[in-house]
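Okay, so here's the structure we're looking at.
Each value in this text was obtained by applying a stated rule to the coordinates, not by laboratory testing. This one's a predicted model, so the numbers in the text were calculated from it and none came from an experiment. Note that we place each Cβ from the backbone using ideal geometry, even for glycine, and neighbour counts take in every protein chain shown.
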Amino acid sequence: MIFKSAVLLLAIALFATSQERIPPQLAPGFDTIQESSLRADLTFLASDALQGRLSMQPGDAVAIEWIASEFTKAGLKPAAGGSFLQAVPLLEYHPDRARSYVSLKRAGVEKKWQFPDAFGSFPSDVDITAPVIFAGFGITAPELHYDDYQGIDAHGKIVLIFDHEPQEDNAASIFNGTGNTRYATARVKILNAQAHGALAVLIVAEPNRKHLSNRERAARIGGSVTRATPIPVQALADDSLHTPSATISDEVAKELFAEAGVTPSGVQSEIDKDLKPQSRTLPDTEVTLHSRNSSEIAGNSYNVVGLLEGSDPELKAETILISAHHDHDGMSGSEIWHGADDNGSGTVGVVALAHAFAHNAISPNGEKPKRSILFVVFASEERGLLGAFYMAAHPLRPLATTRAMINFDMIGRNETDSDQTRGVLQIPPDTTNRLNLIGALYSPDYQRTVEKENKYVGLDLDDRFDHESALNVFFRSDQFPFVLHNVPAFWWFTGFHPDYHHTTDTADRINYVKMAKILRLAYLTGFQFAGDTPAPKFIESPKPKS
């Protein structure tokens with residue numbers, strides 16, 4: 001027994017000496033990040049009492065008040081007009097699929113499709129009938145010299161577009177090789193169609209895809225997607241996006257192309273060949289979007305925001321964002337979607353860092369951040385990144401002087417094979433010490449800073465999600481609205497697992513050792529961002545690695 005103890009102590013000593021010692025002026029805050037406190041906070045946040053923290057429900061209201069109280073304890077300043085709460089006005093509704101449809105009228109004959117061949121959601125009832133124009137992938141990217149709207153007039157029409165981006169299997173593609181750019185997501189495409197005067201948008205999975213469609217991928221997750229009581233849909237009450245859309249199946253898209261003299265597959269092949277637009281009017285193709293909701297209500301959720309003001313007279317006007325989201329998927333009957341990893345882990349992480357930075361700032365030998373740090377826990381991420389989009393549209397501090405964003409979403413588990421990723425993504429055999437960083441395409445400087453600070457922590461850093469497009473990961477968390485505003489923003493993420501969006505995502509399954517290491521790395525990285533060194537640059541027109 002004595003021999004075993006000696007070996008253990010030697011192993012611990014060797015591990016300690018394998019990591020560089022952190023600068024002593026950062027130690028007071030660094031040392032506050034402990035597995036025991038993370039476990040205690042997350043056990044509360046993911047408990048039955050909070051009922052899965054569904055947006056606009058009592059359990060999430062408790063989470064909001066708890067975060068605000070922790071920011072108060074940490075000594076942060078209220079950042080929303082004297083409050084820790086930035087109200088996010090929302091519209092909540094239940095789409096009525098039985099009364100909603102997309103129909104095609106051609107040569108006096110009408111064909112009608114409902115879910116799963118055609119479906120969408122919109123906060124109010126929709127009745128739109130118009131001719132259809134095909135606009136390729138729906139992308140206008142001047143810096144890439146690509147525009148699907150070149151030579152067509154979408155004004156007053158329903159626009160049909162492909163999902164994703166051209167050449168997504170081509171590592172040399174101008175659209176981030178095999179990864180995603182900002183143009184790949186439906187919201188950006190619908191806003192682009194709206195800017196071109198479209199009345200509505202139809203989206204179909206690209207016909208030559210080598211992966212599941214978004215609907216097929218979501219259905220494979222199961223859990224909250226397939227539960228008996230559907231989760232209500234939410235939208236921002238004052239959203240800049242006010243154009244309805246619907247997703248249609250491959251079969252419906254073929255029907256719409258029937259009089260065009262080309263097929264969807266053939267058109268995609270032409271676009272992928274040389275990136276020349278293949279947009280065109282679809283002759284004798286008039287479509288109706290008809291959607292109804294069974295209920296519609298208005299209400300608020302809240303972004304929780306606290307400020308640690310910078311110490312430098314000039315640099316304190318600049319901002320570092322450290323963020324997560326507090327909501328999850330609530331309850332259905334007696335079942336609770338606890339959301340420990342998603343995203344109790346991130347919420348607890350932001351709270352822990354608020355305490356760490358604030359403690360370091362008041363410690364006699366501690367360093368104070370020179371730039372200001374805004375700690376944010378967003379509302380209604382699960383309903384469409386709504387709190388983040390709201391803050392990006394109504395920033396509490398100027399986005400032009402926001403220098404970097406550290407966003408936590410699921411930082412508590414080991415990445416393991418799941419229905420969503422099986423056959424799509426190669427998962428390393430051992431992920432117990434692995435952290436995925438998402439966003440380096442738009443800020444290599446940011447990536448280099450994290451890698452440099454990792455010498456003190458020793459995590460395995462992984463960028464796989466920057467180089468795949470099937471899972472849409474790049475735009476599935478709260479950093480994305482800020483990337484759209486040219487803020488260097490990364491999603492810190494430990495990966496998917498079989499408990500993702502299931503009732504089994506509980507606090508007892510968290511890897512607290514790894515979670516603490518991730519937060520320590522974020523603490524050190526945040527201090528670098530908040531110091532007087534040059535801030536990471538944002539690359540507006542990135543090029544794929546050769």
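In order along the stretch 369-376, the phi-based Karplus estimate (6.51 cos²θ - 1.76 cosθ + 1.60, θ = phi - 60°) of 3J(HN,Hα) comes to x, 7, 8, 6, 10, 9, 8, 9 Hz; Gly and Pro are listed as x.
What ranking of TYR523, TYR512 emerges when the number of other C-beta atoms within 10 Å of each C-beta is taken as an exposure proxy, fewest first?
Listing TYR523, TYR512 from fewest to most nearby Cβ atoms yields TYR512, TYR523.
In summary, the convex hull built on the alpha carbon positions of the stretch 204-362 has an orientation-averaged projected area of 16.5 nm².
The angle between the Cα long axis of helix 186-195 and the longest principal axis of the Cα atoms of the chain comes to about 50 degrees, rounded to the nearest 10. The residues ARG99, ARG422, ARG434, ARG413, when put in order of fewest to most other Cβ atoms within 10 Å, stand as ARG422, ARG99, ARG434, ARG413. Each listed q (0.09 Å⁻¹) maps to a log10 I(q)/I(0) for the stretch 335-493, found by the Debye formula over equal Cα scatterers with no solvent: -0.32.
Each residue of the stretch 337-354 was assigned a 3J(HN,Hα) from its phi angle through the Karplus expression (A = 6.51, B = -1.76, C = 1.60, θ = phi - 60°), giving 8, 5, x, 5, 6, 10, 10, x, 4, x, 4, 4, x, 5, 4, 4, 6, 4 Hz with x at Gly and Pro.
Here the chain is assigned +1 on the Cβ of each Lys and Arg and -1 on the Cβ of each Asp and Glu. Its dipole about the Cα centre then comes out at about 700 debye. Legend: P(r) of the chain from all alpha carbon pair distances, 20 Å bins from 0, whole percents, reading 21, 54, 22, 3, 0.
Ranked by Cβ crowding within 10 angstrom, fewest neighbours first, how are MET410, MET331 ordered?
MET331, MET410
Once the convex hull of all Cα atoms in the stretch 117-198 is built, its volume per residue stands at 115 Å³. Here the Karplus relation 6.51 cos²θ - 1.76 cosθ + 1.60, evaluated at θ = phi - 60°, turns the backbone of the stretch 465-480 into coupling constants of 6, 7, 10, 9, 10, 5, 9, 6, 5, 3, 10, 10, 8, 6, 6, 4 Hz, with x for every Gly and Pro. Rounded to the nearest 5, the antiparallel percentage of DSSP beta bridges internal to the stretch 97-291 is 65%. From the largest down, the stretch 97-291 spans 44, 43, 33 angstrom on the principal axes of its Cα atoms.
Under unit Cβ charges (Lys, Arg +1; Asp, Glu -1), what dipole magnitude, rounded to 20 debye, does the stretch 406-546 have relative to its Cα centre?
Using only the charged Cβ atoms, the result is roughly 320 debye.
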